[in-house]
Each structure stands twice: as C-alpha cells, then as structure tokens.
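Just below is one structure, and these are the notes that go with it.
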Amino acid sequence: LNRRLDGLGTTIFAEMSALATATGSINLGQGFPDTDGPEEVREAAVRALREGRGNQYPPGPGVPELRTAISAHQRRRYGLDYDPDTEVLVTAGATEAIAAALLALLEPGDEVVALEPFYDSYSACIAMAGAVRVPLTLRAPDFRPDLDRLRSLVTPRTRLLLLNSPHNPTGLVLSPDELTAIAELAVERDLLVVTDEVYEHLVFEGAHHPIAALPGMRERTVSISSAGKTFSFTGWKVGWVTGTPELVAAVRTAKQYLTYVSAGPFQYAVAEALALPDSYFDGFRADLLHKRDLLADGLAAAGFRVFRPGGTYFVTTDITPLGEQDGIEFCRSLPERCGVVAIPNAVFYDDVDAGRPLVRFTFCKRVDVLEDAVDRLTRLR
Ligand code: PMP
Ligand code: GLN
C-alpha cells in the first residue's frame, strides 16, 4: 500500500455490515434501504437487458437518454440548465464522481476545505490526489458551519471547497444564507466547489438549494448526485456530474481511466426514474420523515441524546447520557449487547474529540425493523 493510502484500511461500512451479518444484528449502520425502489423502474432495467440496450459498452459520457433525463431533472427542480451533451456526465455512483472530480481538479499539495465529519471517501480521494484536507468542523448540537472560521481556513493554496448538503452523517442542511456566504467566498477567492448532493430529495424542512444556482457559481461548481438514495437502488451504482463543459470534460478525462463507462442497462432505467412524477419524490420524502421521527423518538426514549436531522436518512446521537464515552467502542460492543449495528461518527473526524461520543443510526428501514431496533436499544439501560 503506498503512503497516500496509509490508515485508510477497510471502510467502516464494510466492517460494520460484516459485523451485522456475523452477529445476526439489525443493521442500522451502512445506509441502504431494506426495500427496493419502484417496480416500474426495475422493470425498465429488465426491459433494457432483454432488448439489448446497454449490454455492450455504452457511450463514455453515459447513454443520451439518461443525460437528457438528468438535464431535465435539474431544470424542473432547480431551474438549472445543463446541456446533456457537454455538461452532464454519468458515473459509477456518486463515489466515482467524487473520485474523478478530485483527481481531475487537484494538484499535489492543493488544499481542500471540507465539512468535517467527512463522508469517508472524501479523505481517501483527497489523499489519492496528493492534496491536503482542511476540515471545517461541524459541532453538536446543531452542526452549523462557522462561516468566519471557514473564511479563515482559505489560504492561497486552497483550490476547492468540498461541500455535502444534506450532510452525511450529521443530517445538516445548509441554509440559503449559509450557501450564499459560501458562494460569495468562493467567488471572492476564486475557488472551485465540488458539491455532493446525493440526499437532495431527503430534505425534511424547507427545500434543497443547489449552490450551483447562486450568482457566480455555475462556472465554478461541479455538482454530484446519484440514483442510489433517491430511488432506493444503492446496488446499481448510477451517479452523475453536472457543470460547465470545461469542468465536466476534466472529470470525464479522469473517469475514462477509472471505469471507462458505467453499466449500461441501469442507465436506461434511471432515465425513466428521473422522469417519475413529483408524487414519487414527495411520497419518498414523507415515508422517510415518518421513519426519522419514529427512530429519533425511540432513541430519545432509550436514553440517547438525539440530534434530529434536517435531511438525509441518518440520525446522529450522543451516547454520553447512557454513561458511555467512546462511540467506536460502543459500536463494536453493541451487536453483542443488544443485536443492533450503528456507525461511530468519530471515524469521519480528524478532530477525534469532536466526534468521540457521537453515533449514527440509519432509518431507511421498514417500520417493523426500526421498532424492533428501538426495543432492543431500550433494553440497553
Ligand atoms: N456521498 C455521500 C454523502 C453518501 O452518503 C454516499 C452513499 N450513498 C455517497 C456519496 C456514495 O453514493 P453512491 O452509492 O452513488 O456511490
Ligand atoms: N453512503 C452510505 C453510508 O453512509 C454507505 C456507502 C458505502 O458503503 N460506501 O452509510
């Protein structure tokens, strides 16, 4: 393993999901739903397979049907216009989009300011690009970014801001004022912005605002999303990038040599999914909102301090009221103690103290599963 990958080992998601399987625990760790997405979208994938659409290498930028659907989605939801031919790129999930964007846009030694806790692939990809991560630490109880601190973190070596809203694992949704302040800073200091918006359809209060829509931002922003979360097909690994022709071409260059192209038949199905009526997206959000409250209330009753998220399908808790100090130890012992798996937020922090007592649970599970998990966690005390 080269030095850039020192300390990256096995992802916490692989470790905790393996622990869930080995112990037969309820897995509220890794974020994947236990119910698949819409039947008609699955049927669309089957049809594409049967009709031989996408069974051989699809076009490098993604199949035209999907690029057109992504472009239409950005226009319909946010009023953002992207040319499907030059300003949209299909990737192997948001994960590849993040990797390709960072590899394409960073020089060794460049600084990247990112919201800490970081989704785990950010620190790995920044390291693989030979760049340096500079954390803007989000702190309990509200995890709002300190914008003065953000300003002070930008140096002449800062190349880009890496954003994630709704934010995994805290559930923070950046407000319009925060986004405006961040955008103004990016324009003033001539920074690129890479924004991970995979939870764009899981905002429970207010609305999702893409930073690319703010003044001066379209030309400096690479926006990333994926079908995994929005349509409950995390195994399909269909993601995408939107941005200017120059930025998208740069990301495409890196993507070409990472995976060349992304799996074909699923792209046709996701094109149909993106065209689903608003009732699908509204229903999806309402279902997860109900589950958020079920799990958040259950965890609070079980003695956790709960930080109810504004978005995503994760709820972060503090385990201190249970007489516990260390989330990593807690998550390693939890399966044996009560048959539930969760994720310790500490692994997403450089500032280990800020994350030590925090533990994340996902609520993208069936109601009976969440109720069973809450019962088990209630018996902890
Ligand atoms: N970014 C964030 C913030 C995530 O939580 C995830 C997990 N879905 C990803 C990126 C990766 O997305 P995908 O599965 O589409 O690669
Ligand atoms: N995004 C998912 C989570 O945060 C996991 C994705 C993965 O396993 N890489 O739980």
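All of the numbers you see were taken from the coordinates with simple rules; none came from a lab. Fair warning: this is a prediction, and the values are worked out from it, not measured in the lab. No Cβ is skipped: glycine too gets one built from the backbone with ideal geometry, and neighbour counts run over all protein chains shown.
Between residue 379 and residue 297, what length in nm is gained on full extension when 0.36 nm per residue of separation is reduced by their alpha carbon distance?
Numbers: separation 82, 0.36 × 82 = 29.52 nm, distance 1.52 nm.
Gain on extension, residue 379 to residue 297, equals 28.0 nm.
Here the spin labels are modelled as points 7 Å beyond Cα on the Cα-Cβ line, and at residue 320 and residue 144 they lie 2.0 nm apart. From the square roots a ≥ b ≥ c of the eigenvalues of the alpha-carbon gyration tensor of region 253-301, which class results: rounded (a/c under 1.5), prolate (a/b over b/c), or oblate? Since a/c reaches 1.5 but b/c is at least a/b, the shape of region 253-301 is classed as oblate.
Taking 368, 287, 196 in turn, the Gaussian network model of the chain (Cα-Cα springs below 10 Å) assigns the largest fluctuation to 368.
Kirkwood hydrodynamic radius for the chain: how many Å is it when counted over pairs of different Cα atoms? Write down the numbers at each step before the final one.
Numbers: mean 1/r = 0.0472 Å⁻¹.
One decimal place: 21.2 Å for the Kirkwood radius.
Amide H to amide H distances under 5 Å link residue 137 with 116, where only residues 5 or more positions off or on other chains count and H is placed in the peptide plane.
Roughly how many debye, to the nearest 20, is the charge dipole of region 1-74 about its Cα centre, given +1 on each Lys and Arg Cβ, -1 on each Asp and Glu Cβ, and no other charges?
Taking the Cα centre of region 1-74 as origin, the dipole is about 360 debye.
Remark: spin-label model distance residue 177-residue 43 equals 4.8 nm, labels positioned 7 Å along the Cα→Cβ axis. A simple rule links phi to the HN-Hα coupling: the Karplus curve 6.51 cos²θ - 1.76 cosθ + 1.60 with θ = phi - 60°, which for region 298-304 gives x, 5, 5, 5, 7, x, 6 Hz, with x for Gly and Pro. Couplings 3J(HN,Hα) for region 119-124, derived from phi with the Karplus relation 6.51 cos²θ - 1.76 cosθ + 1.60 (θ = phi - 60°), are 4, 4, 6, 5, 5, 5 Hz, where x marks Gly and Pro.
Between the beta carbons of residue 75 and residue 333, assuming R0 = 30 Å, the FRET efficiency works out to 0.05 to the nearest 0.05. A simple rule links phi to the HN-Hα coupling: the Karplus curve 6.51 cos²θ - 1.76 cosθ + 1.60 with θ = phi - 60°, which for region 364-371 gives 8, 10, 4, 4, 5, 5, 5, 5 Hz, with x for Gly and Pro. Please identify which residues in region 219-259 have an amide N closer than 16 Å to a label point set 7 Å out from the Cα of residue 36, following the Cα→Cβ vector. Correct set: 228-229, 231-238.
Ranking 341, 69, 363 by Cα position along the charge dipole of the chain, where only Lys, Arg, Asp and Glu carry charges on their C-beta atoms, puts 341 farthest toward the positive end. Between rounded, prolate and oblate, where does region 178-240 land on the alpha carbon gyration tensor, with a ≥ b ≥ c its root eigenvalues, rounded for a/c under 1.5, else prolate if a/b exceeds b/c? It comes out oblate by the Cα gyration axes.
The charge dipole of the chain, taken about its Cα centre with unit charges on the Cβ atoms of Lys, Arg (+1), Asp and Glu (-1) only, comes to about 480 debye.
For region 94-164, the square roots a ≥ b ≥ c of the C-alpha gyration tensor eigenvalues yield an a/c of 1.5 or more together with a/b not exceeding b/c, which makes the shape oblate.
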